[in-house]
Amino acid sequence: MAEEILKVEHLNKFYGDWQALHDISFDLKKGEVVTLLGPSGSGKSTLIRTLNGLEDFKDGAIYFKGEKVDPSPKTWQGLRQKIGMVFQSYDLFPNLTVMDNILLAPTKVQNRPREEVKKEAMELLERVQLADQADSYPRQLSGGQKQRIAIVRALAMHPELMLFDEVTASLDPEMVRGVLNIVKELSDRDHMTMIIVTHEMNFASQIADKVLFLEDGKILEQTPGKQFFEHPQTERAKEFLSSMDF
Amino acid sequence: MAHSGINVLFEGSNFARLMGGLWTAVWIAAISLIIGLALGTIFGLLRTLKSRIIRLILLLYLEFFRIVPTIVLLFLVYYILPRQFNVNMPATWMAVLAFSLWVAAEFSDIVRGALESVPKHQRESGLALGLDQWQLFRYVLLPQTVRLELPATINLATRVIKTTSLLMTISIMDVINVGQQIVEANNQSHPTGVFWVYGLIFILYFIVDYPLSLWAKRLTAKQHY
Amino acid sequence: MSWTVIQQSLPNFVKGFQLTLWLSLIGIVGSVIVGIITSLIRYFKVPILGKILGAYVEIGRNTPLLIQLFFLYYGFPVLGIKLSAETSGIIGLIFLGGAYMAEGFTGGFNGISKSQIDAGKALGMSPWQMARYVVLPQGLTLSVPAFSANVIFLIKETSIFSVIAIPELTNTALDLIGMYYRSNEYLLVLVIAYAIILIPLIIILDWLERRVRYGSFGD
């Protein structure tokens, strides 16, 4: 049986009096891909950010590789080196070149030798077909290129889990496929463990081993990917899928 | 002992005199602001017009005030007006003159910036309604820019108030000059009074200035969200 | 207007000029250091110290330099702390300038988008690494306009040192006027002296602002 990477138990999160996440529980095995689906404001982004310590939570527990996460800044700081995250707005550092963006965390946070990381970074850049942009600045790149670099930047940390938060939502339609192909390849070829928030239903149906369908901060459905798209169990999920033209 | 000097503040009419000095400073700041803002509005408007000569002259005017420290401005007015132009007026009015011209320069830049930020189509739709240049400015542009200008204007006011501390250098009986006199008069009986007098003036300036700068900060924050 | 009068005063003005430059330089460097430390401590909301420095920034920005100097120079000896005029001037200027610079840098730091901060955190950076690699390079770039306004402001503020008899430019002019009554000449030299310092500086700072705006920060 595959190793358990992540387990979430009875997670509750509040913004002031307003409860953003209700009693969230799920787990994730090594190599598995989970997609979080649901209408806007359903809590998908809040949940994925909570899994990286970017949002705090009130009660419940998160286990990373069987170990309970003590939600202190120090713990998260260490864990984030093993959990890569890519955002909707790419967020490359505008003052650094593509290469320096990739090298920054592995060399400064993980203290790995620069030459070794650089070699690896070049391989990754070749893989996303951007090796020729190593010395460019982010502003010289298209959105799709920036997002591919952001994925490389996260991968260079050797993460054991990758979080993708609506990574194609700000992209022009023609850029979307290139980015999604990279994510797909990460799963098919590298068997990367991933949690993905997306509105691309076709992509989700191809890649998801498991779907969490959220609404109003609650998990309404937690089913294998194929089953969710072919036989959604709740009325809300059926409506959602038809509203997404799926 | 330091604390005995505090009595100097409340002896005789000392406290009232200090307040009188503060009033002089605030009064000069207020008059200068009124004149300077009016003049600055006109200069700012002129700087958005097409005439290159007017724009150049007003730019040089602004740069002059950007370069010359305010204390030097006071001396320029204080020495040059009477000796060179035979203009004799009380130092208070000389200060008002210098401050007003300075405020006008700074404010003209604020007004120009705000006017230039009004979208072009606002101007065009005003003209399309048959408004002339002045009506356009008075009814369309000015009202839209006031809100934009307000935080910077309040900040300018706080600077003018702080700058009134320089009035003593041209012998105006402002709060610091009064303080200095009190310190000197009581130096024998209260050698530690100097700490308390200047300490009080320090606090007085803060009390006048801080609410204004807080207000400006709040307005700026509101405009951003 | 007499050329001879001007000529004879030049050696004095050169000394005052040098002192103004020197005091400005120390004041600006000191203010930048105080400003960066203060704004970082406030940005990362360090308990207690952050609040104290918040109060410092408000006090520094909302009181005139002149009264700060009087308090330091005349008031502090009462506490047994005797400072020379120059020392009082430099401390006062850094007290004032540090508060202004801190406010400017804070504005720059707050201008960094929240998602950039998230990206830094997501890469496992410590608060110190966040400051070093994300907050400072981007925040300082964003605060260049405030910085250049403060530099010019601080240089002009050194003129107030004249009230505690530090022989910088303005004091030099006032002394000469007091001795020889040639106010036209001396005030003219004084204004030109400030122009010589400030005009090139304004040009350089404008260039820096434009470079930062259109340069490496274009997206």
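Just so you know, all these numbers are worked out from the coordinates, no wet-lab data involved. These figures come from a predicted structure and were not determined experimentally. Note: ideal-geometry Cβ built from the backbone for every residue, glycine included; neighbour counts use all protein chains shown.
Less than 5 angstrom separates the built amide H of A:Ser25 from those of A:His10, A:Leu11, all sequence-distant by 5 or more or on a different chain. Distant-in-sequence amide contacts of A:Ile196, defined by a placed amide H-H separation under 5 Å and a gap of 5 or more residues or a different chain, comprise A:Val34, A:Thr35, A:Leu36, A:Phe164. Enclosing the Cα atoms of chain A in their convex hull gives a volume equal to 134 cubic angstrom per residue. A simple rule links phi to the HN-Hα coupling: the Karplus curve 6.51 cos²θ - 1.76 cosθ + 1.60 with θ = phi - 60°, which for segment C:189-197 gives 4, 4, 5, 5, 4, 5, 5, 5, 6 Hz, with x for Gly and Pro. Would you be so kind as to identify which of B:Ile172, B:Pro119, B:Ile57 lies farthest towards the positive end of the dipole of segment B:2-224, taking Lys and Arg as +1 and Asp and Glu as -1 on Cβ and the Cα centre as origin? With unit charges placed on the Cβ atoms, the residue in question is B:Pro119.
What's the center-to-center distance, using Cα atoms, between segment A:47-87 and segment A:9-38 in Å? A separation of 12 Å, based on Cα centres. The residues A:Arg148, A:Arg177, B:Arg147, C:Arg42, when put in order of fewest to most other Cβ atoms within 10 Å, stand as B:Arg147, A:Arg177, C:Arg42, A:Arg148. Mean partner shielding of peptide C:134-140, defined as the number of other chain Cβ atoms within 10 Å of each residue Cβ, is 2. Panel note: the C-alpha atoms of chain B, placed on their principal axes, show extents of 75, 50, 25 Å (largest first). Averaged over the residues of peptide A:87-95, the number of Cβ atoms from other protein chains lying within 10 Å of each residue's Cβ is 6. With a/c under 1.5 counting as rounded, go ahead and sort segment B:88-137 into rounded, prolate or oblate using the C-alpha gyration tensor (a ≥ b ≥ c being the square roots of the eigenvalues; past the cut-off, prolate if a/b is larger than b/c, else oblate). Note, shape of segment B:88-137 comes out oblate. Couplings 3J(HN,Hα) of segment C:21-26, computed from phi: 4, 5, 5, 4, 4, 4 Hz, in residue order, whole Hz [Karplus 6.51 cos²θ - 1.76 cosθ + 1.60, θ = phi - 60°; x for Gly and Pro].
Highest mean packing first, where packing is the average number of other Cβ atoms within 10 Å per residue, the peptides B:98-107, C:6-15 line up as B:98-107, C:6-15. Backbone amide hydrogens, once placed in the peptide plane, bring A:Leu161 within less than 5 Å of A:Gly84, excluding anything fewer than 5 places away on its chain.
The mean number of Cβ atoms from other chains found within 10 Å of a Cβ in peptide A:229-239 is 0, as a whole number.
Rounded, prolate or oblate, given the Cα gyration tensor of segment B:1-51, with a/c below 1.5 counting as rounded? Judged from the Cα gyration tensor, segment B:1-51 comes out prolate (a/c at least 1.5, a/b above b/c). Remark: C-alpha extents of the protein assembly as shown on the principal axes read 97, 71, 50 Å, sorted largest to smallest. Mind running the shape call on chain C? Use the C-alpha gyration tensor, a ≥ b ≥ c as the square roots of the eigenvalues: rounded below 1.5 for a/c, prolate if a/b tops b/c, oblate otherwise. Oblate.
Expressed as an acute angle from 0 to 90° and rounded to the nearest 10, what is the orientation of the C-alpha long axis of helix C:85-110 relative to the principal long axis of chain C? The angle comes out at about 30 degrees. Between the helical axis of C:169-180 and the longest alpha-carbon principal axis of chain C there is an angle of about 10 degrees. With 22 Å as the limit, the listed pairs B:Lys162/C:Lys45; A:Lys13/B:Lys222; B:Lys120/B:Lys217; C:Lys45/C:Lys114; A:Lys44/A:Lys210; A:Lys7/A:Lys58 have B:Lys162/C:Lys45; A:Lys13/B:Lys222; B:Lys120/B:Lys217 beyond it between alpha carbons.
For chain B, the longest principal axis of the C-alpha atoms and the axis of helix B:142-163 are separated by about 20°. 3J(HN,Hα) along segment C:72-83: 5, 7, 9, x, 4, x, 4, 7, x, 10, 9, 10 Hz, from the Karplus curve 6.51 cos²θ - 1.76 cosθ + 1.60 with θ = phi - 60°, whole Hz, x for Gly and Pro.
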